[in-house]
Every structure is written in C-alpha cells, then in structure tokens.
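Remarks on the structure that follows.
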Amino acid sequence: MSHTLSKARPIAAALAAMSLLAGTASADVTVISFGGTNQKAQAKAFYEPYAKAAGSKVVPGEYNGEQAKIKAMVEAKNVSWDVVEVESPELARGCEEGLYEKLDYGKIGPKADFVPAAVTECGIGIFVWSTILAYNSDTLKTAPTSWIDFWDLKKFPGKRGMRKGAKFTLEFALVADGVKPEEVYKTLGTKAGVERAFKKLDQIKSSIQWWEAGAQPPQLLAAGDVVMTTAYNGRIATAQKEGKTNLKIVWTNNIYDFDLWGIPVGTTKKDEAYKFIAFASKPENQAVFAGEIPYGPTNLKGTALVDKKIVPELPTAPQNMKGAFASNTQFWVEHGEDLEQRFNAWAAK
Amino acid sequence: MREDNAMTQLTATLPRGMAAEAAVPLKTQLRRAERMKKLKYGALIAPLVVFLLFTFVWPITALLKRSVDNPEIVAAFPATSGLLRDWDGRSLPSDAVFASFADEMGKTRGTPVFASAAKRLNMELPGFRTLMMKTARAMPPTDGQTAREAFVAADERWGDVATWQYLGRNASPTTARYLLASVDRKYDDAGHVVQTDADEAIYVAVLKRTFGMSAVVTVFCLLLGFPLAYLMATQPARIANVLMIFVLLPFWTSILVRVAAWLVLLQSEGLVNQALRAVGLIEKPLQLVFNSTGVYIAMVHILLPFMILPMYSVMKGISPAYVRAAVSLGCPPFKSFWKVYFPQALPGVGAGGLLVFILCMGYYITPALLGSPKEQMASYFVAFYTNQTINWGMAAALSAILFAATLVLYMVYSRLVGRQELAAKAR
C-alpha cells in the first residue's frame with residue numbers, strides 16, 4: 001500500500017502542476033498575424049493594451065497566409081491558434097469549408113460601426129491595405145507616375161519587383177495595357193483577357209525580381225536591387241519613417257483589400273478570442289494601429305481619431321482612393337487556383 | 001501455446017499419449033524447437049517492425065492513396081453519384097438523377113461537405129463553384145416544378161451534357177486526374193487522356209529539371225569530393241582528423257543558416273562581388289543569386305559531406321599494398337590508380353552519388369531561397385499545393401512520382417552493385 005502511495009504521489013504532483021499550467025495557458029490568447037512591421041504595429045496597438053486591460057497575455061505568432069496549417073489543425077481537432085489574420089479570398093473560402101467560426105457580432109460590436117465590406121460572415125476587417133507602386137528616388141531621375149511607366153523599360157531601365165503570384169500581378173498588367181480599373185475583373189474573367197495579361201507581362205518578364213514576403217520590397221528598393229516594385233503601402237511608409245526617405249509611393253490605380261480577423265473552428269478559447277477581436281476593433285485601438293503603420297481603420301469612428309498628419313498616407317484618404325480599385329474577393333475565390341497554376345507554368349518557363 | 005497445454009493434459013491423463021509423444025520423429029521435434037527460437041527472435045525485432053510500419057509504410061501508403069483519392073463528390077452527393085456511375089454520359093441524365101441531385105443539394109447546402117464538392121468541381125472548370133452555390137440556393141424545387149426545370153431555371157448550363165460530364169467523371173471515389181496532371185496530361189470532354197494545353201503544361205519540364213539539376217550537383221560533388229576523400233584516406237591520422245573536422249563542421253550547421261550565409265556572400269552588394277570589384281576583375285556586380293549559379297553553389301556545398309563520408313569509409317578500407325604492388329610490377333602510377341584503386345573505391349562512389357542524387361531530388365529550401373522561378377524543382381510545387389492552394393491530391397501525386405523515381409534509381413543501383421559483387425566472387 002505504502003509502496004503504491006509513494007509511487008502515486010509524484011504522479012499526482014505532476015498532474016497538479018500540469019493542470020496549473022493549463023489553467024494559466026487557457027486565459028492567454030494566441031494571435032497569428034503576417035509578421036514584420038505589421039505585427040510590430042499590432043503589438044503596440046492591440047496586444048500590449050489588451051494584456052493590460054484583460055489581465056491575460058497575447059501569445060503572438062506569424063505565418064504567411066498558408067491556409068493548409070489551419071486546415072490541418074481543424075481536421076486534427078487540435079487547434080492551437082485562437083485568432084488569425086486572414087486575407088479576404090482565403091477567409092471566404094475557409095468560411096464555406098468550415099475552417100472558420102461564423103462570427104457572433106453581438107460579442108464584437110454593432111455592424112453599422114464598420115465599413116460595410118469589412119463585415120463578413122466569418123471575419124471582421126482589421127484594416128484596409130493597398131498594393132501600390134513604390135520606387136527609389138535615388139536610382140530614378142524622373143519619377144514614374146503610373147503602371148504604364150512601370151512597364152516602360154526604355155524610360156525607366158532596371159529591375160522591377162512584383163509579388164510572386166497571379167493575384168495583383170495580372171490586374172496591374174491589364175491596367176498597364178489600358179484596361180479601365182472598373183473593367184479589370186470583367187476582362188480577367190475571359191480567356192482573351194488572361195492571354196492579354198500574360199502577354200503584357202512577357203514584355204517585362206526578364207526584368208522582374210519576384211518577392212514573396214511584404215518585408216522584401218523596401219529591402220530590394222533600398223539595396224538597389226530593383227528600381228521600382230509593387231509593395232504594400234504600410235511597409236514603404238514605415239521604411240520612410242525609419243529614415244529611408246528616398247522610397248516613394250505612387251498611388252495611381254492601387255488595389256486595396258482588407259485583412260480580417262478569423263477564429264479557427266475548434267479553438268478551446270473562443271471566449272478569449274472574441275474578447276480580443278472586440279478589443280482590437282475598438283476605434284481608439286484601430287487609430288493607434290494606423291498611427292504605427294498607415295493602414296486604414298475599418299471602424300468608421302476610428303478614422304476620425306487618426307492623427308491628421310497620417311491621414312494622407314492612408315489608403316482610405318480621398319486623394320489615394322481616386323482611380324483605386326478593390327480586389328475582387330469573389331473573383332479570386334473562383335479563379336484563384338486556375339490562374340495561380342497558369343502563373344506558375346508561365347513563371348517557370 | 002494452447003496446443004502445448006492440451007498436450008500436457010493429455011499426457012497426464014492418458015499414459016498411452018506419452019508413448020505417442022515419444023514416437024514423434026526427431027525431425028518434427030527439431031522443427032518445433034526451431035520454430036520456438038524463430039518466434040523468440042521475431043519477438044525481439046517486433047518493436048522495430050511496428051515502428052517501421054507506423055513511421056514508414058503507413059505514411060507512404062496513405063500518401064500514395066491520397067494521390068488517387070476523389071472523395072468530395074461522393075461524400076456530398078452519395079445517391080446522385082451512385083446513379084451517375086450508371087449513366088452513359090452521352091445525353092442528359094434521367095429525371096431520377098435530377099431529382100436526387102436536387103434533394104441532396106438542398107440537404108448539404110451551406111455545409112463544409114458541399115463547399116469541398118464545389119471546390120473540387122471548380123478545379124475541373126473555373127466557375128463551377130459559383131454555379132453550384134447559385135443552384136443550391138434555388139433548391140429544393142418549388143411546388144409544381146420538376147427538378148429538371150428547377151435546375152435549368154437556376155442556370156441554363158444544367159441543360160448542357162458537358163456540365164453533367166464533369167460531375168459524372170468525378171462520381172467515383174478514385175481518380176487518375178492528379179497523377180495525370182503531374183505528367184501534364186488531362187481528360188478531355190470525351191474522357192480520353194490528352195496533353196495539357198501548352199501554356200499550362202509545367203510538370204514534365206519541372207521533373208526533367210529536377211533530374212537534370214540533381215545530376216549536375218552529383219557530378220560536381222563527385223569531382224570535388226573524390227580528391228578530398230582520397231586525401232583524407234591516405235594521410236596520417238593527425239592530418240586526416242583535421243580535414244575531417246572541416247568536412248563535419250558545415251555538416252553540423254543548420255541548412256537554413258548556410259543558405260542565408262550564401263545569400264549574404266553572393267548578393268549584388270555581397271562580399272564576393274565587392275572583392276571581385278576591389279581587385280578590378282569586374283566593373284558591374286555579377287548576378288550570382290536568384291539564378292542557377294547561386295543554387296548550384298549552395299547545393300554542392302550543402303551536399304558535399306554526403307558524398308565525401310561514404311567514399312571515405314570505403315577508401316579507408318582499401319589497403320595501400322595493392323597499388324604499391326601494381327607500381328612495383330611496372331604499372332604506371334595513373335594506370336595503377338585507375339585499374340587497381342578506383343574499382344575498389346567504386347562502391348563508395350556509387351553510395352555517395354546515389355545519396356546525393358536522391359537528397360537533391362527532394363530539395364526545396366535552397367532553390368526556393370536562392371533561385372528564381374526557373375530553378376524551382378518538384379518539391380517546390382509539392383509545398384505550393386500543400387500550403388498555398390490546399391490541393392493535397394496534387395501534392396500527393398507529385399510526391400508519388402518522385403517516390404517512384406527514387407525507387408527505380410535505388411533498384412538500378414542495387415542491381416549494379418549486386419552484379420559487381422557477383423563479378424568479384426567469380427574472380
């Protein structure tokens with residue numbers, strides 16, 4: 001008897017310790033974002049104030065948007081991510097396929113407070129971001145002003161950076177070929193339109209340097225590896241803030257889109273996840289975020305709180321919205337896989 | 001065991017049984033003892049067998065199965081797919097098919113199962129997803145409307161045989177589609193296997209490139225590794241040990257760190273370009289990364305130890321007496337190396353070469369970080385389908401092809417080595 005007791009004691013102690021660990025862990029919320037300066041801004045605007053207000057930690061993590069990780073977790077019923085930052089087409093697809101919880105807006109805030117397009121079934125918009133043309137004013141004597149200039153190898157010799165993938169690349173190619181922004185997705189929906197986009201890309205193919213992570217374009221520009229590039233507006237703006245004032249943004253015909261918060265199905269900390277999302281969606285916190293990295297708030301009240309100096313840098317500023325067009329989520333849900341496959345075949349040749 | 005028990009009981013009660021046992025021939029007794037021994041040995045290696053089953057056989061079988069799996073349509077619409085399997089595919093399906101499809105669409109609409117089926121069909125024909133979503137909203141048919149009318153009213157494409165053929169072709173739980181796609185083949189509308197359109201074909205070229213790049217890296221590793229392994233095997237232990245450290249240190253460093261280091265060294269403002277410019281050899285920086293040069297340099301560097309170590313271990317076992325004897329008998333030094341030493345080192349060369357080649361075929365991180373889209377090998381696309389588009393069937397099919405290629409290579413190698421051993425015995 002005493003023998004079994006002496007054996008059982010350490011086990012009991014270990015169990016107690018484990019339950020203690022689990023107890024503290026359950027209150028912490030794991031938030032996954034796209035990393036880099038975007039994550040740093042989120043830490044300042046959301047994670048740190050949330051930790052103070054809620055008294056529990058945010059465990060930050062990053063990924064590159066790979067939905068496979070979420071699918072694997074959901075299917076294995078072992079979900080360790082509680083809140084995830086997702087781009088709109090991936091979220092729409094994941095929502096249909098049962099990867100993300102259908103949101104209960106009662107736990108987040110009134111829908112009317114947000115930009116209508118930011119309110120979706122499984123995700124609430126965090127911010128509006130733009131893909132813009134950026135260039136290095138040290139290496140280019142004359143400033144480019146449009147996507148037509150981006151394609152002009154004679155007037156602007158040198159390498160160009162573009163995001164490796166069909167999304168945005170094909171849109172810009174069509175705009176450079178003279179398609180009106182409002183007709184880009186209609187054109188891209190036809191076989192001839194796709195041909196036209198790839199033909200246009202062929203013109204500059206040998207001068208393209210592909211990038212994958214949002215942190216790369218400012219580096220490529222600063223190092224002189226490319227003279228201009230497509231980039232996320234916030235990444236260039238933070239690089240400017242860090243002293244790289246030779247990096248400039250051209251807003252003509254930029255494409256804007258939302259990043260949204262989603263909750264993977266099966267997380268054990270759904271309540272904490274909602275608490276975090278509600279906190280991060282508050283106007284005052286979104287305004288702090290926009291101050292850190294100039295991405296536009298989705299909370300309409302947040303826009304009013306943003307520092308007046310920063311407003312012209314936001315994708316949502318009226319002068320930046322002129323000629324800009326929204327990424328068509330439905331189009332990419334539908335044609336994404338096909339066009340990415342086609343793009344891969346084209347790029348590998 | 002139970003048999004033994006029965007036997008003892010029998011002998012305890014019946015003396016005649018004992019006599020019977022004594023009459024069992026020696027041969028049978030021996031065989032029985034032998035069998036017990038084998039069982040014991042078998043029990044000893046059982047954990048290993050179980051381990052191999054779980055970590056090797058099972059995952060590979062599961063992967064191979066996934067490359068032909070086609071569960072989405074059958075899972076979402078079991079009755080309809082059952083009916084479609086008997087459909088001739090030439091004219092529109094019967095009213096029963098329409099009715100059952102309408103019924104099952106209404107039932108599964110809005111569920112993940114339905115979404116995966118729609119996604120699967122969209123893979124066959126972009127636009128099918130919207131068609132499915134739109135049609136599902138119109139189901140079940142309103143009163144006084146047949147299922148057929150409801151479908152055509154929702155979208156006239158349902159009145160077209162071609163639309164139904166996409167469904168019909170995927171109504172069975174297995175498909176060769178992924179395997180065909182990974183060698184640039186597809187089914188046409190009539191169900192025949194044809195080549196993929198030229199601007200979408202990619203994998204044959206990628207597989208060729210995978211083999212080509214692996215061959216180049218293997219040859220470079222051999223050219224660089226052979227002299228070093230030879231040097232290590234023939235020098236006194238003190239020098240050989242120092243050389244060994246130089247081989248092993250990078251071998252123990254993380255691959256990611258080494259790739260990043262090459263990136264720093266080779267980029268246009270990197271150390272190599274700066275040094276070359278300082279010396280005055282070049283004026284403009286050379287493009288050394290994001291092309292094949294960078295990939296080859298880094299891959300040869302990373303895989304070199306896998307070439308050197310097997311060669312070294314074989315060369316270490318070759319007695320220097322043979323070459324000495326050949327030279328003393330008047331054979332010129334190079335000829336005696338080629339005729340006497342090299343054949344003995346050949347198993348090491350073969351093992352090293354095979355190891356490097358096989359590792360090379362699965363390489364992902366180095367080309368991904370140091371190459372352009374033109375240097376990406378098969379595993380890049382496996383990662384692309386696994387992570388980006390979540391098309392695991394395609395990822396599994398590409399892996400299956402790599403796996404088959406590896407098996408063939410290994411078989412060729414073991415056949416060659418086996419022959420050599422036979423030849424050696426014959427001598």
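The values are calculated or read from the model by the stated rules, or taken from the named source; none is laboratory data. Here the structure is a predicted model, which is why all the values come from computation and not from measurement. Reconstructed Cβ throughout: ideal geometry from the backbone, glycine too, with neighbour counts over all protein chains shown.
List of remarks:
- Across the stretch A:294-309, the number of residues qualifying as buried (at least 20 other Cβ atoms within 10 Å of the Cβ) and touching a residue at least 60 places away in the same chain (Cβ under 8 Å) comes to 6.
- Complete set of residues in the stretch A:223-278 that are among the hydroxyl-bearing types (Ser, Thr, Tyr) and touching a residue at least 24 places away in the same chain (Cβ under 8 Å): A:Thr229, A:Thr230, A:Tyr232, A:Thr238, A:Thr252, A:Tyr256, A:Thr267, A:Thr268, A:Tyr274
- Matching residues, the stretch A:37-76, being more than 14 Å from chain B (Cβ to nearest Cβ) and in contact with a Gly (Cβ under 6 Å, 6 or more places away or on another chain): A:Glu62
- Options A:Gly291, A:Gly336, A:Gly262: the member that is buried (at least 20 other Cβ atoms within 10 Å of the Cβ) and away from chain B (no Cβ under 14 Å): A:Gly262
- All positions within the stretch B:167-200 that are of a type in the set (Lys, Arg) and over 25 Å from the mean Cα position of the chain (by Cα): B:Arg169
- Where helices (runs of 4 or more DSSP H) fall entirely within the stretch B:316-399, those with at least 1 residues that are more than 30 Å from A:Val333 (Cβ to Cβ) and of a type in the set (A, V, I, L, M) are at B:321-328, B:342-361, B:365-370.
- Pairs are defined by a Cβ separation below 6 Å, a sequence spacing of at least 6 or placement on different chains, a first member in the stretch B:289-309 that is touching a residue at least 40 places away in the same chain (Cβ under 8 Å) and assigned by TED's automatic domain parsing to the domain that holds B:Leu222, and a second member that is assigned to a loop (DSSP other than H, G, I, E, B) and not aromatic (Phe, Trp, Tyr); the pairs so defined are B:Val289/B:Gln267; B:Phe290/B:Ser372; B:Asn291/B:Ser372; B:Gly294/B:Leu288; B:Val295/B:Gly371.
- Being farther than 26 Å from A:Lys301 by Cβ and surrounded by fewer than 22 Cβ atoms within 10 Å (Cβ to Cβ) is a description that does not apply to A:Gly55.
- Residue in the stretch B:148-169 that is exposed (fewer than 15 other Cβ atoms within 10 Å of the Cβ) and part of a loop (DSSP other than H, G, I, E, B) present: yes
- The one condition in (1) in a strand (DSSP E or B); (2) crowded, with 21+ Cβ neighbours inside 10 Å that A:Ala166 fails to fulfil: (1)
- Restricting the search to helices (runs of 4 or more DSSP H) fully inside the stretch A:215-295 and requiring at least 1 residues that are assigned by TED's automatic domain parsing to the domain that holds A:Ala112 and within 19 Å of the chain's Cα centre (by Cα) gives A:270-280, A:283-292.
- Helices (runs of 4 or more DSSP H) contained entirely in the stretch B:17-135, each with at least 1 residues that are away from every other protein chain (no Cβ under 14 Å): B:26-52, B:58-66, B:71-76, B:78-85, B:95-108
- Failed condition for B:Arg90, given (1) out of contact with any helix residue (DSSP H, G or I) (no Cβ under 6 Å at 6 or more places or on another chain); (2) surrounded by 13 or more Cβ atoms within 10 Å (Cβ to Cβ); (3) modelled with pLDDT under 90: (2)
- Residue list for the stretch B:384-427, restricted to those being within 14 Å of chain A (Cβ to nearest Cβ) and at pLDDT 90 or above: B:Gly393, B:Met394, B:Ala395, B:Ala396, B:Ala397, B:Leu398
- Going through (1) within 27 Å of B:Lys374 (Cβ to Cβ); (2) part of a loop (DSSP other than H, G, I, E, B); (3) in contact with a helix residue (DSSP H, G or I) (Cβ under 6 Å, 6 or more places away or on another chain) one by one, A:Leu201 falls short only on (2).
- Filter pass, A:Phe150 being under 24 Å from A:Trp346 (Cβ atoms) and surrounded by 23 or more Cβ atoms within 10 Å (Cβ to Cβ): yes
- Residues within the stretch B:67-80 that are under 16 Å from B:Ala118 (Cβ atoms), surrounded by fewer than 23 Cβ atoms within 10 Å (Cβ to Cβ) and small (Gly, Ala, Ser), tallied: 1
- Condition met for A:Asn320 (polar (S, T, N, Q), outside any helix (DSSP H, G or I) and buried (at least 22 other Cβ atoms within 10 Å of the Cβ)): no
- Test: residue in the stretch A:135-150 that is outside the structural domain of A:Phe276 (by TED's automatic domain parsing) and assigned to a strand (DSSP E or B): yes
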